[in-house]
Structures are given as structure tokens and as C-alpha cells.
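The structure appears below as C-alpha cells.
The values are calculated or read from the model by the stated rules, or taken from the named source; none is laboratory data. Being a predicted model, the structure only gives us computed values, none of them experimental. Here the Cβ positions follow ideal geometry from the backbone for every residue, glycine too, while neighbour counts run over all protein chains shown. Only protein heavy atoms, including side chains, enter the accessible area calculation; ligands, DNA and RNA are left aside. Shrake-Rupley method; radii C 1.70, N 1.55, O 1.52, S 1.80 Å.
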Amino acid sequence: MIQTEAILTLWQREILRFVRNKSRIIGGLGTPLLFLLVLGSGFDRLLNVGGGLSYFQFLAPGVIGMVLLFGGMFSGINVVYDRQFGFLKEILVAPVSRASMVIGRTLGGATTAMFQAAILLVLTLLVGVQLDPVQIVLMVLAMTWIAFGFTAMGLAIAAKLTDFQGFQLIVNFIMMPMFFLSGALYPLDQLPPWLQTATSLNPMTYGVELMRFIALGQSSMDPGLALAIQTAFNALMLWLAAWLFSQKE
Amino acid sequence: MHAIETHQLTKAFGALTAVHPLDIHVKKGEVFGLLGPNGAGKTTTISMLVTLLSPSGGTAKVNGFDVQTQPDLVRQSIGIVFQDESIDDELTAWENLDMHGRLYGMPWELRKKRIEEVLKLVGLQPRQDDVLKTYSGGMIRRLEIARGLMHHPNVLFLDEPTLGLDPQTRRHIWTYIRKLNRDEGVTVILTTHYMEEADFLCDRIAIMDQGKIVALDTPKKLKERDATLHVASGKIDELYQALSAMNPVRQNGKILIETSQPQRSLKRVLSIAEKRKLALTEIDVKKPTLEDIFVELTGHSIRDEKAGTSDRFKAYNRAMTGRRK
Ligand SMILES: Nc1ncnc2c1ncn2[C@@H]1O[C@H](COP(=O)(O)OP(=O)(O)OP(=O)(O)O)[C@@H](O)[C@H]1O
Ligand SMILES: [Mg+2]
């Protein structure tokens with residue numbers, strides 16, 4: 001059952017909280033900026049990624065993917081805070097279906113992560129990646145869609161997480177591997193077989209390739225395929241999160 | 001139809017049975033109290049009734065809807081003030097209430113009207129646009145009560161609603177709960193550690209201990225259980241003889257008679273005294289307080305806990321260390 005008003009309410013809540021929390025916005029950008037500036041500048045002259053692209057250009061969509069991954073996942077996992085501070089009960093006891101709750105929350109996380117990524121996008125524009133207005137619009141849409149999947153994934157994880165004890169585990173064993181084992185930092189062709197397998201099983205790979213196609217006009221796979229896989233991933237995560245939240249003690 | 005009907009409702013957490021098979025019937029329009037010490041199972045019972053916890057056994061109906069098979073309909077028709085804090089402290093009071101109204105499908109005009117009403121009720125209007133981080137524990141409690149009332153539920157669950165409130169606010173809230181119940185027929189289920197609260201508000205009280213209901217009656221009837229008659233006379237020895245059928249006890253120059261029907265016993269004593277021409281210098285019915293009854297039934301006294309600002313700190317600590325309270 002989909003309840004539009006409830007979805008909008010929870011969506012807006014995420015945005016309000018995001019806007020009120022400047023430190024969270026800036027904090028989320030630190031590491032990706034470091035990656036972009038340091039790796040980008042450091043390897044720019046060493047690496048040839050082909051296609052007439054500089055490594056810096058190549059890296060930009062990957063680092064944007066990183067912002068979306070971390071921003072989205074953290075936003076989803078933040079439900080654990082709501083649980084600890086009791087606010088989750090207020091939502092769970094309201095006449096709002098679990099599906100609506102998860103959708104509203106996921107849209108909220110997707111929007112806020114997209115905003116963070118947009119800040120990075122503007123920065124990359126400033127340092128030489130060139131995009132026309134159509135590309136910018138497509139990028140914003142793609143970024144939102146990618147963050148949607150990661151937020152839903154964070155929510156699904158948080159549904160079974162009662163406290164922050166497992167948090168470091170999630171960062172180290174899910175988020176970091178997802179980032180490093182995607183095509184965010186290196187081109188997908190000519191990888192050793194094990195890494196090829198790992199990247200192809202990683203949903204993040206497809207999001208990054210989709211953005212690379214939009215921003216740079218080239219990618220190592222058919223963008224239609226990337227979009228299809230991203231969409232399937234989003235649907236799966238959304239369903240999983242809604243299902244997990246409908247299980248009660 | 002009852003507002004609440006449970007049949008053998010049970011909840012076990014592993015080896016611990018928090019709620020033993022429970023049969024209660026709460027009438028529509030009633031104020032029903034659950035009184036019990038820490039860990040008695042009050043919150044667990046309420047959590048099952050408001051669809052947050054699945055029963056391990058038995059069934060429960062709220063407003064005629066089954067909590068397990070029709071949770072959405074149950075949720076639609078109830079309001080709850082949780083024992084623990086349940087607000088978004090990064091939003092303002094107004095935003096919290098508005099969000100609540102929207103989740104309950106209230107249209108804008110109605111929302112606006114009700115938010116103003118309930119904020120006024122709990123005296124938070126001047127602070128309505130402050131982020132809740134800046135509120136004291138008592139102010140948050142008041143806001144939560146306001147929120148629970150906002151959407152005019154048929155059944156209102158109040159889990160220790162006035163914990164940590166100052167006496168003046170507490171009175172104020174009591175009066176309002178009563179008014180709401182009288183004027184709008186809202187059924188209220190209330191848990192409390194405060195005897196006066198149960199006494200003042202409740203039509204019936206269930207005393208709960210270790211997951212079981214050990215007594216269930218009106219406050220008046222509960223207090224009449226084992227009332228004591230205090231009788232004195234100039235001719236105390238003769239009087240003692242005359243009343244021997246009533247199991248009298250002599251104490252401090254008085255005669256004490258325990259009775260579960262104080263009015264009848266009183267009449268009986270008076271008529272015996274009259275027949276024997278014994279002038280009474282004192283006759284008095286001493287009713288036990290709810291506290292006395294409670295101690296007698298459960299074997300321990302109820303603790304008047306004060307919640308304070310430290311609760312927020314505890315919640316924070318819990319969040320950071322993952323420790324359950
Ligand atoms: N999620 C849980 N897991 C395990 N045990 C639990 C859980 N929730 C409650 N209990 C146990 O169930 C029992 C009843 O707890 P409950 O919270 O219902 O008590 P209460 O009557 O509300 O007490 P209080 O007056 O302290 O609020 C306690 O022994 C408690 O430890
Ligand atoms: Mg309790």
C-alpha cells in the first residue's frame with residue numbers, strides 16, 4: 001500500500017534534518033575530495049586510461065559514486081539512530097505501511113546524497129570536466145537513482161541492526177569493498193579474472209559506468225545494461241527493506 | 001463490543017515470560033489502569049496491543065480489530081504516548097506535531113487547528129518553533145502527550161504519561177485526560193507508578209506483577225478490600241466480648257476489625273453496641289491506600305521513579321554503546 005502523503009512527509013523530514021546539519025554535509029565530502037584531488041592529481045600523468053581522457057576526468061564519476069555510496073548508505077543506516085532515540089516507534093505505530101515508510105525514507109536519503117554529490121559535481125566542473133546542461137540534468141537524475149539503491153540497502157541493513165555495534169563492520173566489510181571493488185578507481189578492461197568477477201558482481205560498478213557514460217561519453221559497458229542492472233538492484237533493495245521492516249519481534 | 005479484548009495473550013522473550021496468559025476486557029469509554037512495579041510487563045502488554053510486538057500466544061482485539069491480522073486498522077484508531085522518548089529532536093515542536101498529523105492523514109486546516117489546541121493545552125506555544133534539542137525532559141513529555149491526543153484516537157495508550165512532570169503540569173494533564181474521556185468518550189489505557197494518578201483517573205485498575213494480573217477492580221473496591229474498623233469504648237472489655245464473632249483484635253486501647261465490607265461491618269458494630277447499651281467513644285473505618293493494597297498483593301512497594309534530563313543522556317549512551325537499558 002502506497003501512501004503519498006506519508007511518503008512526502010518522511011521525505012521532507014530527511015531534507016529538513018539534512019539542511020539543519022551543516023557539519024554532516026561537509027563531513028561527508030572530506031574523504032571523496034581527498035581521493036579526487038590527491039589521486040587525481042597524483043596519478044594524472046602516470047596513468048593512461050584510454051579514450052583520450054585524463055585520469056582526473058576518468059576518476060570524477062567514480063568519486064561521485066563514492067559520495068553516493070557513503071551518503072546513501074549512512075542515510076539509510078541512520079534509522080538505527082531513530083530506533084535508539086525512540087522516534088522509529090512513532091513511525092512504526094502510525095497508520096503508514098512499511099512500504100510507504102521505506103519509500104519515503106529512501107527518497108529522502110537519495111535526495112540528500114544527491115545534493116552532496118552535486119557539490120562535488122560542481123567542483124569537478126570547476127577543475128575541467130565539461131558538461132552541457134542536458135548532461136547535468138542527466139547526471140542529477142542518475143545520481144539520485146544510484147543513491148536511491150544505496151539508501152535502500154542501508155535501510156535493509158539497519159532493519160536488523162539494533163545498535164551501532166555492527167556499524168564499523170558494515171563500513172569495513174561492505175562499504176569499503178563496494179567502493180574499491182568497483183570501476184570507480186580503475187578501468188574495467190584488462191583486470192585479472194578475480195577482480196573482474198568481483199566488479200561485475202558489485203552493483204556500484206554499474207552506477208559508476210552509467211555516470212561515466214553520461215559525463216564523458218564513454219564507458220566499458222552498454223549504458224542501457226548499466227541502467228537496467230541499477231534499476232533491478234534498486235527494486236530488490238527496496239523490497240528487501242520493506243520486507244525486513246514488516247517483520248516484528 | 002469492547003475497546004480492548006485479550007484472550008490468553010502471552011509474550012515470552014526466550015526463557016523469560018514477560019506476560020503470562022492475559023485476559024482483559026476494557027469497556028468503551030473506560031479509563032483502565034495498569035499498575036505494577038518495574039518489569040511487571042506493562043509496557044510489553046501495551047506494545048502488543050499497539051502492534052509493535054508480536055504476541056507469543058493468544059489473541060488481542062483493539063477497537064474490534066485483531067492486532068495480528070489487522071494491524072493497519074488498529075493503528076488507525078489508536079494513539080500512544082510511549083514510556084521512552086520518541087520525538088525527533090532535530091525538528092521543532094511544531095514540525096514534530098505537523099509530521100504526526102500528516103502521518104495520520106489529517107488535512108492541513110484540521111492539523112493547524114489541533115496543533116494550536118494541543119500546544120496550548122501543554123503550555124508549549126511560546127516554544128513551538130524551538131528545536132527539541134533545547135527542551136527539558138518534562139517539556140518533551142508534555143509535547144509527546146500533546147502529540148498522542150492530537151489525532152483524536154478512539155483508544156489512547158499512555159505508558160507512564162506523567163513520569164518526570166512537575167505536580168502542577170501533572171494535575172493539568174490529569175484534568176485534560178479526564179475531560180477528553182468524559183467529553184469525547186476516548187478510552188484510555190494508562191500505566192503508572194503513581195498511586196494518586198491511578199486513583200484519580202482510573203475507572204478500573206489492574207495490578208500487575210511478574211507478568212500476571214493479581215487484582216482487577218475499581219479503585220474504590222480495591223481500597224475496600226480489608227478495610228479496618230477502629231472502635232473504642234469506655235467499656236472496652238465488654239465490647240470486645242460482644243464483637244467476638246467478628247474476629248476483633250485489641251491494640252492500643254482500641255478494637256480493630258478487618259473487613260472486606262466496611263459498610264456492613266460498621267452497621268453490625270453499631271447495632272451490637274446499641275443492643276448491649278455500650279457507648280462508643282470512637283468508630284472509624286480506615287481504608288488502606290492503593291499503596292497498601294499494592295504492597296499486600298505484590299510483596300513489594302512501588303517505586304516512585306523520577307525521570308529527568310538524564311534520560312536523554314541515557315538514550316544517547318545506549319545509542320553509542322549499544323547497551324539496552
Ligand atoms: N525486548 C526485550 N527482550 C528481552 N526481554 C525484555 C524485552 N522487553 C522487555 N523485556 C523483559 O520483560 C519484562 C517486562 O518488561 P516491561 O518493560 O513490560 O515492564 P514494565 O512493567 O513496563 O516495567 P517499567 O515499570 O520498568 O516500565 C522485564 O523483565 C524485561 O526485562
Ligand atoms: Mg514500562
Evaluate the following for A:S41: is it of a type in the set (S, T, Y) and open to solvent by less than 50 Å² (accessible area, probe 1.4 Å)? no
Strands (runs of 3 or more DSSP E) contained in the stretch B:187-305 and holding at least 3 residues more than 16 Å from ligand 1 (Cβ to nearest atom): B:227-233, B:249-251, B:254-259, B:280-286
Does the stretch B:72-95 hold any residues that are open to solvent by less than 30 Å² (accessible area, probe 1.4 Å), among the polar types (S, T, N, Q) and within 16 Å of ligand 2 (Cβ to nearest atom), and which are they? B:S86
Considering only the stretch A:4-37, how many residues are more than 8 Å from chain B (Cβ to nearest Cβ), more than 20 Å from A:F74 (Cα to Cα) and surrounded by 14 or more Cβ atoms within 10 Å (Cβ to Cβ)? 2
For the stretch B:37-55, pairs from a residue that is closer than 10 Å to B:T191 by Cβ to a residue that is near ligand 2 (Cβ under 8 Å from one of its atoms) and among the hydroxyl-bearing types (S, T, Y), with Cβ under 6 Å and 6 or more apart or across chains, are B:K42/B:T191
Out of the residues in the stretch B:284-316 meeting the condition of being modelled with pLDDT under 50 and polar (S, T, N, Q), tell me which one is most open to solvent (accessible area, probe 1.4 Å). B:T309
Taking the stated definitions as given, is B:I87 within 14 Å of another protein chain (Cβ to nearest Cβ), hydrophobic (A, V, I, L, M, F, W, C) and not in a loop (DSSP other than H, G, I, E, B)? no
Quick one: is B:L229 over 25 Å from B:L52 (Cα atoms) and either within 16 Å of ligand 2 (Cβ to nearest atom) or in contact with a helix residue (DSSP H, G or I) (Cβ under 6 Å, 6 or more places away or on another chain) (or both)? yes
Among the residues in the stretch B:37-56, are any more than 20 Å from the chain's Cα centre (by Cα) and either of a type in the set (D, E, K, R) or away from ligand 1 (no atom under 16 Å from the Cβ) (or both)? no
Can you tell me which residue in the stretch B:41-71 is farthest from ligand 2 (Cβ to nearest atom), limited to those that are assigned to a loop (DSSP other than H, G, I, E, B) and touching a helix residue (DSSP H, G or I) at 6+ places or on another chain (Cβ under 8 Å)? B:N63
Quickly run through the stretch A:79-130 and pick out the residues that are small (G, A, S) and part of a loop (DSSP other than H, G, I, E, B). A:G86, A:A94, A:S97, A:G128
Within the stretch B:1-18, residues within 14 Å of ligand 2 (Cβ to nearest atom) and touching a Pro at 6+ places or on another chain (Cβ under 8 Å) come out as B:K11
Just to check your reading of the model, which residue among B:I213, B:I207 is on the phi < 0 side of the Ramachandran plot, within 16 Å of ligand 2 (Cβ to nearest atom) and within 10 Å of the chain's Cα centre (by Cα)? B:I207
Unmet criterion (only one of (1) surrounded by 22 or more Cβ atoms within 10 Å (Cβ to Cβ); (2) within 16 Å of ligand 2 (Cβ to nearest atom)) for B:H193: (1)
I need a count of the residues in the stretch B:254-282 that are more than 13 Å from B:A227 (Cβ to Cβ), aliphatic (A, V, I, L, M) and surrounded by 15 or more Cβ atoms within 10 Å (Cβ to Cβ). 5
Looking at (1) more than 16 Å from ligand 1 (Cβ to nearest atom); (2) within 11 Å of another protein chain (Cβ to nearest Cβ), which one does B:T69 not meet, given that it meets all the others? (2)
Restricting attention to the stretch A:77-91, does a residue exist that is within 14 Å of chain B (Cβ to nearest Cβ), surrounded by 24 or more Cβ atoms within 10 Å (Cβ to Cβ) and farther than 20 Å from A:F167 by Cα? yes
